[in-house]
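Have a look at the structure below, then the notes.
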Amino acid sequence: MKKLALILMAGLVVATSCKKDDDNMTTPTPTPTPTMTLYDSLGGTQMVADPSASGQMIEKGRLGIRSVVDSTIFVIAADPKLNSFFPVLLAEVTSGNLSGFQKLSTNLTDFFCVATGAKNFTYKGLNMKDAHDPAKHPRMNGKASNADFDQFVVDLVAGAKKVGLSDQLIGQVGKVVETTRGDVVQK
Ligand code: HEM
């Protein structure tokens, strides 16, 4: 009887240890790997000092996008193939009024933040069709063609290179821009 009890106890120990092994071998419930957005690749939500506003912080991704946007606006402003679309903006800037430039910079930056996956910003400007329809947006001088859009992409690449964006990221931003072609091109 004593022997039987010992055998049973030994069996129990083995069974318990086997169960433990089984538990250990069970694949842990997979935690979803957060997908890296283009916004993350551009710097994401890490807070850094804003070089344009002393004492203020800005998300690194937004700073990267704003740098590309502002650089591109300057390239376009100097491009005779595109700058005739922006008479109101250029007249304002020439007379020292930067309010329209600042609004465009903010709206374009918000647009690209949202389009690349940022969570902390919203785009509050016109939708892409209305923004590029001279009847609805008088700051847009004429309708853009596919060739104008292609030139916009050329200027965007130049603007992005000027601020040191890698070719790989420029390619990814280019894909985001391409999604707007159907709304922007209205000629
Ligand atoms: C053929 C190429 C394009 C031309 C000629 C063009 C022209 C313009 C003009 C003239 C404005 C008004 C600027 C002002 O405030 O005075 C504007 C606004 C804007 N554009 Fe474009 N654009 C082009 C392509 C694009 C693309 C590809 C995007 C987006 C990826 C874009 C996004 C915007 C946004 C977000 C605004 C601001 C709208 C607002 O303030 O409500 N544009 N564009």
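Using Stokes-Einstein with the Kirkwood hydrodynamic radius over Cα pairs, what translational diffusion coefficient do you get for the range 61-184 at 4 °C and a viscosity of 1.567 mPa s, in µm²/s rounded to a whole number? Spell out each step's value before the answer.
On the way: Rh = 14.8 Å.
Result for D is 87 µm²/s.
The aspartates and glutamates within cross-link reach of residue 81, meaning a Cα-to-Cα straight distance under 17 Å and a gap of 8 or more places when in the same chain, are 148, 150, 155. A straight Cα-to-Cα reach below 13 Å connects residue 143 with the aspartates and glutamates 130, 133, 183, residues fewer than 8 places away in its own chain not being considered.
Please list the equivalent ellipsoid semi-axes of the range 62-119, computed as the square roots of five times the alpha-carbon gyration tensor eigenvalues, in descending order and whole angstrom. Let's see the in-between values first.
Numbers: eigenvalues 100, 31, 16 Å².
Sorted largest first and rounded, they come to 22, 12, 9 Å.
Among 82-91, 160-169, the peptide with the highest mean count of other Cβ atoms within 10 Å heads the list, and the full ranking is 82-91, 160-169. In the structure shown, the pairs 129/162; 103/124; 162/187 are assessed against 20 Å; a Cα-Cα span above that value is assigned to 129/162; 162/187. A straight Cα-to-Cα reach below 18 Å connects residue 119 with the aspartates and glutamates 40, 59, 110, residues fewer than 8 places away in its own chain not being considered.
Using heavy atoms of the protein chains and a probe of 1.4 Å, the accessible area assigned to residue 124 is about 150 Å².
The values are calculated or read from the model by the stated rules, or taken from the named source; none is laboratory data. Since this is a predicted model, take the numbers as computed values, not measurements. Backbone-built Cβ (ideal geometry, glycine too); neighbour counts: all protein chains shown. The area values use the complete protein model at the heavy-atom level, side chains included, leaving out ligands, DNA and RNA. Shrake-Rupley method; radii C 1.70, N 1.55, O 1.52, S 1.80 Å.
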